[in-house]
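J.: What follows is a structure written as structure tokens; I'll ask about it next.
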Amino acid sequence: METSNITRRRITEYLLEGKRFDSRKLLEYRNIEIESPVSNKAEGSAFVRIGKTEVAAGVKLGVSEPYTDSEDLGTLVTTVELSPLASERFELGPPKIEAIELARVVDRGIRESGFIDFNKLCIKSGEKVWTVFVDIYPLNDDGNLIDASSLAAVAALQNAVMPKYNEKTERVEFGKWTSKKLPLTEHMPLTLTLHKISRSIILDPCREEEDAQETRVSFAISPKGKDCMINAMQKGNESALTQDEISKMIDTAVEEWKKIYPAIAEKIKKVTAR
Amino acid sequence: MAYTKRFDGRAFDELRKMKVKIGVVPRADGSALFSFGDTIAIAAVYGPRPLHPQHMQNPEKGVLRVNYDMLPFSVTERKKPGPNRRSSEISKVIEWALSPAVRIDEFPNTVVDIFIQVLQANASTRCAAINAAAIALAHAGVPMNELVGAVSIGKIDKSIVADLIKEEEDYEDGEGATDMPMAFTSRSNKLCLLQLDGKISGEELKEAIKAGEKACKKVYAEQKKALKMVKE
């Protein structure tokens with residue numbers, strides 16, 4: 001059901017007093033749960049729950065031709081399907097802009113951080129490289145699908161192992177795995193999306209809060225030595241931002257990332273270990 | 001070696017030569033061509049006109065609908081005709097970038113359609129597209145609060161540069177390339193498009209946004225100049 005104007009107004013007024021319906025602080029996340037694996041047929045998979053928002057992600061590998069401008073690099077394909085199973089707002093049929101944008105934002109975060117070591121995914125330069133397919137399926141939409149989907153994708157990648165490749169037949173022997181993990185680097189990204197509602201900035205909105213949002217900015221941030229770097233960003237929605245507002249959002253995103261990243265990264269590594 | 005000299009010899013904050021042509025699609029209610037050097041975009045505006053199918057109409061305000069695409073021969077390797085995931089996303093962000101400037105709420109139940117084609121691409125196509133679209137909207141006489149100007153700002157190695165070209169986007173030495181397309185509204189000076197991919201710190205990003213604001217003012221001057229020359 002659509003959120004009514006009166007609820008939106010109430011949310012906005014509440015936030016200005018620093019209050020949220022579920023008594024969280026403005027920049028406080030809901031409880032994050034990560035499970036892995038969810039499918040023993042996948043190269044890697046994970047399940048992420050942020051409050052009532054639930055997302056499943058799986059990694060499968062395939063072999064394909066490389067792009068002509070990067071002949072010895074593996075490739076990445078990220079898809080999100082917003083199945084009507086997850087919300088009465090989603091419909092069957094070809095992907096709509098919401099799903100496309102979501103997939104592309106998640107994709108950029110992973111790609112630009114350098115989390116996947118594409119150099120090591122080359123089988124034969126110019127001819128055959130591994131393609132990493134990350135398929136993301138929200139199972140329950142209670143807001144903040146961008147952050148939840150990114151987290152699920154990263155956890156599934158962290159969980160992934162390489163399938164067996166038969167050099168003679170030049171084919172993948174699906175269902176048989178090697179002991180080798182998918183080549184990853186230490187630049188594991190975490191996506192934080194800040195939502196602006198009137199003068200308030202919040203993290204991790206529930207569905208109604210997300211509906212009251214005027215604009216959002218997503219930041220995919222990964223560690224760089226002891227510091228961090230911003231790898232991908234997307235401003236979504238119609239309302240424009242002043243220089244001051246965007247500067248504050250950048251600072252807030254980096255600050256919050258520093259607070260929550262170590263624990264989340266550790267949790268991902270722990271639950272995805274084989 | 002650090003990136004101290006740009007491939008095409010421009011200063012770091014120098015944009016490519018801009019060209020604006022208004023009324024390039026006489027059939028449309030408004031149209032414009034905008035180019036940054038050899039990146040050329042053309043935009044046509046139709047509307048406000050009744051929106052069909054009817055169930056998509058909004059009785060509270062009009063709908064702004066953007067369709068961005070690239071011609072198959074606008075790039076080195078032929079682009080398959082028709083929309084793809086990239087063009088759908090870019091259409092949406094252009095829509096978001098333009099909507100703060102357009103007084104679409106004055107036209108309930110209607111749609112303003114903006115069709116954009118990239119004729120020739122050498123990076124910054126979404127920025128050229130936004131610039132063309134903003135002029136085309138004004139040319140169509142759609143009520144607007146202000147114009148929108150867009151420029152791609154890049155961090156190439158350690159340098160912040162304005163209006164990237166393809167070679168800069170693909171730069172791999174040192175700290176590599178970070179591409180940040182951004183757009184500002186002309187009067188309220190607000191950020192209405194911001195995307196980023198690459199590797200950048202928070203402080204550098206803030207610096208880049210400042211550079212973007214400055215660069216967008218140059219675009220605005222060019223847009224305004226061209227619009228003033230239009231005679232009814």
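J.: Over segment A:1-151, with a single point scatterer placed on each C-alpha, what log10 of the ratio I(q)/I(0) does the Debye formula yield at q = 0.08, 0.09, 0.16, 0.21 1/Å?
T.: -0.31, -0.38, -0.98, -1.34
J.: Which whole number gives the average count of other chain Cβ atoms within 10 Å of the Cβ atoms across peptide A:237-249?
T.: Mean shielding count: 5.
J.: Just the Cα atoms of segment B:73-191, one point each, no solvent: what log10 I(q)/I(0) does Debye give at q = 0.12, 0.15, 0.17, 0.22 Å⁻¹?
T.: -0.51, -0.76, -0.93, -1.29
J.: Within straight cross-link reach of residue B:218, meaning Cα distance under 16 Å, which aspartates and glutamates are found once same-chain residues fewer than 8 apart are removed?
T.: Within the straight-line limit of under 16 Å, residue B:218 reaches these aspartates and glutamates: B:13, B:14, B:146, B:163.
J.: Which residue, chosen from B:119, A:126, A:222, occupies the Cα position most advanced towards the positive end of the dipole of the protein assembly as shown, where the dipole is computed from +1 (Lys, Arg) and -1 (Asp, Glu) charges on Cβ about the Cα centre?
T.: B:119
J.: So for segment B:7-166, what are the equivalent ellipsoid semi-axes in whole Å, largest first, each being the square root of 5 times an eigenvalue of the Cα gyration tensor?
T.: Equivalent ellipsoid semi-axes, largest first: 29, 17, 15 Å.
J.: Run through the DSSP bridge list for the protein assembly as shown and note the antiparallel percent, rounded to the nearest 5.
T.: Working: 94 of 108 bridges.
Percent antiparallel among DSSP bridges in the protein assembly as shown is about 85.
J.: Where the Cα atoms of segment A:148-257 are projected onto their three principal axes, how long is each span, largest first, in whole Å?
T.: That works out to 61, 34, 19 Å along the principal axes.
J.: Sticking with this structure for a sec: Work out, in µm²/s and without decimals, the Stokes-Einstein translational diffusion coefficient of chain A at 37 °C, 0.692 mPa s, Rh from Kirkwood over C-alpha pairs.
T.: Estimated diffusion coefficient is 168 µm²/s.
J.: From Cα pairs below 8 angstrom and at least 6 apart in sequence, can you work out the relative contact order of segment A:1-89, rounded to a whole percent?
T.: 16
J.: On to the next question. So how many Lys-Lys pairs in segment A:88-199 land under 27 Å Cα to Cα, not counting same-chain pairs under 8 apart?
T.: For segment A:88-199, qualifying lysine pairs total 23.
J.: If you don't mind, another one. Among DSSP beta bridges whose residues both lie in chain A, state the antiparallel percentage, nearest 5.
T.: 90
J.: Place a point 7 Å from the Cα of residue A:70 along the Cα-to-Cβ direction; which residues of segment B:140-179 have their backbone N under 15 Å from it?
T.: Flagged as within label range: B:169-173, B:176-179.
J.: A follow-up question, please. If you count, for every residue in A:112-123, the Cβ atoms of partner chains within 10 Å of its Cβ, what is the mean? Could you put the intermediate results ahead of the total?
T.: Details: counts 8, 3, 2, 0, 0, 0, 0, 0, 0, 0, 0, 0.
Mean partner shielding for this stretch: 1.
J.: Once you keep just the Cα pairs under 8 angstrom separated by 6 or more residues, what percentage relative contact order results for segment A:115-274?
T.: Answer for segment A:115-274 is 20 percent.
J.: Using Cβ contacts closer than 10 Å as the measure, can you line up B:46, A:67 from fewest to most?
T.: A:67, B:46
J.: A follow-up question, please. Averaged over B:90-100, how many beta carbons belonging to a partner chain fall within 10 Å of each residue's beta carbon?
T.: 3
J.: In what order do A:210, A:33 fall by count of nearby beta-carbon atoms within 10 Å, going from fewest to most?
T.: Exposure proxy ranking, most exposed first: A:33, A:210.
J.: Taking the highest mean first, how do the peptides A:68-74, B:138-144 order by number of other beta carbon atoms within 10 angstrom per residue? Can you show the working numbers first?
T.: Details: A:68-74: 14.6, B:138-144: 19.0.
Descending packing order for the listed peptides: B:138-144, A:68-74.
None of the figures in this text is laboratory data; all of them are computed from the coordinates on show. Just so we're clear, the structure is a prediction, and the values are computed from it rather than from any experiment. All Cβ positions, glycine included, derive from the backbone under ideal geometry; neighbour counts span all protein chains shown.
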